[in-house]
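Take a look at the structure below.
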Ligand code: ABC
Ligand code: CA
């Protein structure tokens, strides 16, 4: 599928080994062990209704190719990022038929499959690596000479030295060599077509020269979203020209800092967005927006304040880009950094009758209604108003989101004053999170006072009537 076909979707990110087992069993899974726990592609198929019920229409799964086997000082390759053979699948997750069946089961529900892919490195548990273990890159000359990245400000080192360490070196492919480039390009073309993949999440993008990417992306022929782990929009900006989309890491840094406690700074989040809107090829419209992923501490390990959590979770769904939710957030998982943030979802029982599950369902529905109500929703940049350290209003007509980080212990009044909200005079709006009504003033502006610390997501009642689901008894 193309970038345009992905733009109106929302993505559920999962780690295959940790999402679901094929027989519905719940084997023990201690994240600290860093071992395979038993999740498979068949397991994912068995829980597609759960993901669909949450309102997602795309699933990003962890890498699928054959990985380093056995143990290392960093555990096993359950996450899938330790490639040894790009031409085979990881048998721990199932067979080729299982992966095809997952793709087909998604397509039957009109959902998309996104697969995570790694081209920067192959991984070994010895130093120097035994290159003959790698397929098809079985010679030392297929790799950059060994040197571990120590200086992240030196872009040549970032691109040509190695991630990992001497215990588990991430041998850095020589992506300057024509034969390596053409092998990777023909591999990705086959992978996408063999498994009817709709989109790719590309790993370690900043570790490969920028001008490698256009050829790879065009060989893939589907939507691509890249990981450039960096805080600065100015660092990401050039990468927005070489692939469809990037994970919105700069906004993730300011988003988590803004909402982790009531002294965070929402102005800093707004500033990141303004910088990104000004410098990315399509502004913020094509970023993948997220609050959690498998590399970072879960948000609920930073705070247990239910209002802060709901505000932060709202952000990815009400801004310009494509919303991404990392599995387990909806179940209130609280794991810290890698490996604690890769909990088995079977411990949750996949319960749908929970506050954050409901929150996610409403946010997905609200976004869908806003897209349906305004044909320009996806192509019009959000306007940020009422910006202070503790309040922020995100206007993407017909949707207006009111966010705050005062938290649920606050008794302080919060005010959002949005005279330029742009609604028709006296338009009746509803906060879809509570079904409370708010009326726009005679110039279409919105002034809201609250004291609870909760976020509000406003839509005109006219945008709701078609839905029959959220706040339909109004
Ligand atoms: C393993 C163990 C861990 C152990 C670690 C050292 O080794 O499991 O317990 O702590 C995979 C696995 C990991 C595994 C690694 C290495 O492989 O998932 O469990 O960790 O063996 C991607 C994936 C990630 C994956 C890989 C490798 C890459 O999302 O899951 O990891 O295929 C770098 C890369 C980034 C990569 C990330 C893990 O490492 O750039 O692509 N993610 C700075 C650097 C970043 C760097 C980051 C590492 O440190 O700039 O480039 O990311 O933590 C901000 C700065 C940032 C700074 C951050 C930390 O602070 O602005 O620049 O990032 O203020
Ligand atoms: Ca590299």
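The values are calculated or read from the model by the stated rules, or taken from the named source; none is laboratory data. Just so it is clear, the model here is predicted, and its values are computed rather than measured. Don't worry about glycine lacking a Cβ; one is built from the backbone with ideal geometry, like all the others, and counts go over all protein chains shown.
Values computed for the structure shown
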quantity	calculated
Those residues of the range 152-164 which are assigned to a helix (DSSP H, G or I) and surrounded by 19 or more Cβ atoms within 10 Å (Cβ to Cβ), in sequence order	159, 160
The range 329-350 residues that are within 11 Å of residue 19 (Cβ to Cβ), paired with ones that are assigned to a helix (DSSP H, G or I) (beta carbon under 6 Å, 6 or more apart)	342/18; 342/31; 343/31; 344/18; 345/19; 348/331; 350/50
Complete set of residues in the range 177-204 that are touching a helix residue (DSSP H, G or I) at 6+ places or on another chain (Cβ under 6 Å), assigned to a helix (DSSP H, G or I) and in contact (Cβ under 8 Å) with a residue 40 or more places away in the chain	180, 188
Residue check for residue 362: without any contact (Cβ under 8 Å) to a residue 24 or more places away in the chain and under 21 Å from residue 10 (Cβ atoms)	no
Residue 350, sole failed condition from (1) more than 26 Å from residue 409 (Cβ to Cβ); (2) not in a loop (DSSP other than H, G, I, E, B)	(2)
Of the criteria (1) within 16 Å of ligand 1 (Cβ to nearest atom); (2) out of contact with any strand residue (DSSP E or B) (no Cβ under 6 Å at 6 or more places or on another chain); (3) within 24 Å of residue 58 (Cβ to Cβ), which one residue 195 fails	(1)
So residue 172, is it within 16 Å of ligand 1 (Cβ to nearest atom), modelled with pLDDT of 95 or more and closer than 30 Å to residue 14 by Cα	yes
Check on residue 167, surrounded by 19 or more Cβ atoms within 10 Å (Cβ to Cβ), within 14 Å of ligand 1 (Cβ to nearest atom) and in contact (Cβ under 8 Å) with a residue 12 or more places away in the chain	no
Strands (runs of 3 or more DSSP E) contained in the range 391-474 and holding at least 3 residues in contact with a helix residue (DSSP H, G or I) (Cβ under 9 Å, 6 or more places away or on another chain)	391-396, 399-404, 428-431, 456-460
The range 178-209, residues that are surrounded by fewer than 19 Cβ atoms within 10 Å (Cβ to Cβ) and on the phi > 0 side of the Ramachandran plot	196
